[in-house]
Every structure is written in C-alpha cells, then in structure tokens.
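Following: one structure in structure tokens, then a few remarks.
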C-alpha cells in the first residue's frame with residue numbers, strides 16, 4: 001500500500017512549502033472536469049480523494065510528525081530538500097534545484113508560484129494521409145509558455161505542411177500560437193527558472209518560418225506590388241494612333257513679288273474661314289478687273 005508521500009509523489013525529506021506546492025499541482029492536474037469519459041472522471045475523483053487524504057496529514061506539521069514516528073520515517077531538517085517533481089508527463093524537462101518560497105497560485109507544469117496565464121498552444125504534424133495533433137492547455141507561467149511555444153511552433157513549422165488538411169490547419173495553428181505568445185510578453189517570470197530552455201533549432205525554425213510567411217504576405221498585398229500589377233505601359237499602337245501635329249512654319253508671303261499681294265497657305269493650315277476669305281478676295285479682284293478697262 002502506498003504511503004502518503006507516495007500519494008503526493010514527493011520525497012520524505014520534503015518541506016512544508018514543497019508539500020503545499022505539490023498538493024496544488026496534483027489537485028489541478030487531476031481535476032475531474034478535465035476528463036471527458038466517465039472512466040477517466042471516476043479515476044480522477046479517486047485520485048483526488050487520495051491526494052486530499054495525504055495532504056490532510058502531511059500538510060499539518062503536528063500530524064506529519066506523528067505519522068513519521070508511527071511509520072519510522074526519519075527526516076533530517078538539515079538535509080537539502082529536493083523539488084516536488086523533476087519532470088511531468090506532458091510538460092517540459094524540469095531542472096532539479098532547490099525550490100523558492102511558494103505563495104499564491106502555482107504553474108500546472110513546473111509547480112512554481114508565479115504570474116499565470118491560461119494558454120492553449122497546438123502542435124501539428126502532417127503525415128500526408130493523416131495528421132497528428134497535440135494540445136497543451138492550462139494555467140502556465142512565463143517560462144513554460146516560452147518552452148511550449150518555441151518547441152511546438154518550431155516542430156509545426158517543419159512538419160506541419162505535409163497533407164491537404166494539415167496545410168490549411170497549420171496556418172490557423174501558427175496564428176493561434178503567435179497571438180498566445182504575444183499575449184504573454186508582459187508576464188513576469190518566476191523567481192527561479194526550473195524549466196529548461198527550448199532548443200535553439202526550434203527557435204530558429206519558428207523565427208525563420210514566420211519571417212518567410214510575413215515576406216510572402218507582404219509581397220502579395222503591399223500597395224507597391226498592387227500598383228505594379230495593375231500598371232500597363234502604353235503600347236506603340238496607341239501612341240501611334242494619336243495624331244501628332246508637328247508645327248510647321250508658315251509660308252512666306254510673296255506680296256512683294258506679286259502684283260495682287262496674295263498670301264500663300266499650306267494645305268494643312270487651310271480652314272473653312274480661310275477658304276471663304278480667299279473666295280471673297282478673288283471675287284472682288286475679278287469684279288474690279290471687269291469694270292476697269
């Protein structure tokens with residue numbers, strides 16, 4: 001039969017702060033509302049009862065002391081304490097170091113007391129015909145959000161495009177992860193970093209993928225590209241179809257050499273008014289010549 005330390009998954013040398021933090025973490029992790037099937041709900045309820053029973057004794061220093069004496073558990077207060085959990089089943093690897101003082105809500109992954117934010121991050125891996133999806137949801141601290149964002153997004157950026165459904169689902173997943181990460185930028189990190197840093201490969205992959213996607217979208221929807229696509233240079237036919245009038249110098253008057261003093265006009269400058277004017281002038285000349293012998 002498990003003892004109370006095994007029920008809380010802590011060592012026998014754990015301090016009261018560690019016991020309290022581990023109790024909060026396990027209660028949130030095994031909350032029955034997080035499970036959908038009746039079998040899982042029943043298992044979660046039984047697990048929660050065990051956790052509450054163990055914490056009722058170990059969370060009270062006097063009852064804990066009696067329990068240790070009854071079960072011959074020796075505890076040295078001078079011995080260094082270990083963290084409540086070194087690694088979770090679905091969470092990032094946790095550094096083994098002495099925990100800080102806990103006060104307030106704790107992260108559902110690393111169990112540290114810090115500013116938390118409810119976050120839902122996705123990972124998508126396309127396998128041509130089928131796809132594999134992973135969801136990390138819960139109240140997480142800043143360090144855990146950083147780890148899951150860079151790791152899940154980097155893997156999705158490389159492996160999430162191989163399939164028709166995965167291709168379109170991948171775009172929504174990357175947008176969701178980016179906005180969730182932007183919303184967590186103003187959070188305060190825990191006093192102690194117990195979560196290992198994400199791999200630089202996934203960080204470079206995620207950053208490079210977002211840069212390429214942004215450049216592609218900018219080149220498609222930018223005003224400059226739209227203007228270049230709609231602009232069409234004038235063709236040679238349209239320019240040649242327009243009549244261009246080249247100014248030509250007026251013909252010089254020959255009134256000095258002509259007795260009638262008539263002016264010469266180029267054919268391109270002839271207008272109706274000029275023709276009528278010349279017709280009237282010639283008619284007057286003929287009339288005068290017929291009168292005068």
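Before we move on, is residue 210 at pLDDT 90 or above and in the same structural domain as residue 178 (by TED's automatic domain parsing)? Give the steps one after another, and end with the answer.
Values: at pLDDT 90 or above: yes; in the same structural domain as residue 178 (by TED's automatic domain parsing): yes.
Yes, satisfied.
How many residues are outside any helix (DSSP H, G or I) and touching a residue at least 40 places away in the same chain (Cβ under 8 Å) if we restrict to segment 171-186? Write out each step before concluding.
First, the residues of segment 171-186 that are outside any helix (DSSP H, G or I): 184-186.
Retained after the next criterion (residues that are touching a residue at least 40 places away in the same chain (Cβ under 8 Å)): 184.
The number of residues fulfilling the criteria is 1.
For segment 27-50, state whether one or more residues are at pLDDT 85 or above, in a helix (DSSP H, G or I) and more than 41 Å from the chain's Cα centre (by Cα).
Within segment 27-50, one or more residues are at pLDDT 85 or above, in a helix (DSSP H, G or I) and more than 41 Å from the chain's Cα centre (by Cα).
Is there a residue in segment 64-80 that is in a loop (DSSP other than H, G, I, E, B), farther than 26 Å from residue 140 by Cα, at pLDDT 85 or above and over 41 Å from the mean Cα position of the chain (by Cα)? So that I can check it myself, show each step before the final result.
Here is the first cut: in segment 64-80, the ones in a loop (DSSP other than H, G, I, E, B) are 71-80.
From what's left, farther than 26 Å from residue 140 by Cα: 71-80.
Filter again for at pLDDT 85 or above, leaving none.
No, segment 64-80 has no match at all.
Hey, could you check segment 155-167 for residues that are outside any loop (DSSP other than H, G, I, E, B) and at pLDDT below 85 and say which is farthest from residue 130 (Cα to Cα)? Before the answer, list the steps.
Of all residues in segment 155-167, those outside any loop (DSSP other than H, G, I, E, B) come to 155-159, 163-167.
Narrowing further to those that are at pLDDT below 85: 163-167.
Numbers: 163: 8, 164: 9, 165: 8, 166: 8, 167: 12 Å.
The selected residue is 167.
The values are calculated or read from the model by the stated rules, or taken from the named source; none is laboratory data. Please read these numbers as outputs of a predicted model, since none were measured by experiment. Counting neighbours? That spans all protein chains shown, and the Cβs are built from the backbone with ideal geometry, glycine included.
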